[in-house]
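Student: A single structure is presented below for examination.
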Amino acid sequence: MNTNPNLTQRPPRSPRVRLGGYVILARIIDKGRAELAGTAGDYKYNNPMDRHWFRFTGVTPEALRTELAKGSMGWLNLSKDGQYVYVLDFTGAGAVLRTRVADHKTERVADLTNFVITGRFGGGLALGPDDSPLLLRDTGTQDVYALDWELP
């Protein structure tokens, strides 16, 4: 599952988008992932604007690049009862994992090996009313589906 943004087709996230309480971090991560994938285009990782964040946090550009190369987990969601945290695991073939808050026990909820995920930033995860994972699947441009939805 490829989660690296292609910055030759669309820009990285806005510097105003907050991630972990930091502005600019989401943009730095987008540029770092794209650079690793060779799809950064005209965008540069560790440019002068990025260096402000690196100096402020004490994180080195090399350390962040190393972590980005390992893969990532993202799109954290808390279960309705607050007992589990669900995440998308991008470190391997892809999976939806849930971790019990009380004892940190992690289990695989869904295997995404042959699932082509799509979305604005490489995919996204939401939870249904019963805590089932909701994902956007890329079925290609040849397939057209209709949805008949009746509101109660």
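Student: Please go through the range 90-101 and pick out each residue that is modelled with pLDDT under 85 and of a type outside the set (Val, Ile, Thr).
Tutor: Across the range 90-101, the qualifying residues are Phe90, Gly92, Ala93, Gly94.
Student: If you go through the range 28-54 one residue at a time, how many are surrounded by fewer than 21 Cβ atoms within 10 Å (Cβ to Cβ), under 18 Å from Arg18 (Cα atoms) and among the aliphatic types (A, V, I, L, M)?
Tutor: 1
Rundown of residues vs (1) in the same structural domain as Asn114 (by TED's automatic domain parsing); (2) part of a helix (DSSP H, G or I); (3) of a type in the set (Val, Ile, Thr); (4) under 17 Å from the mean Cα position of the chain (by Cα), yes/no style:
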| position | (1), (2), (3), (4) |
| --- | --- |
| Pro11 | no, no, no, yes |
| Lys31 | no, yes, no, yes |
| Thr39 | no, no, yes, yes |
| Tyr45 | no, no, no, no |
| Trp53 | no, yes, no, no |
| Val59 | no, no, yes, no |
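The values are calculated or read from the model by the stated rules, or taken from the named source; none is laboratory data. Values in this document were obtained by computation on a predicted structure and should not be read as measured data. When we count neighbours, we look across all protein chains shown, and the Cβ atoms used for this are built from the backbone with ideal geometry, even at glycine.
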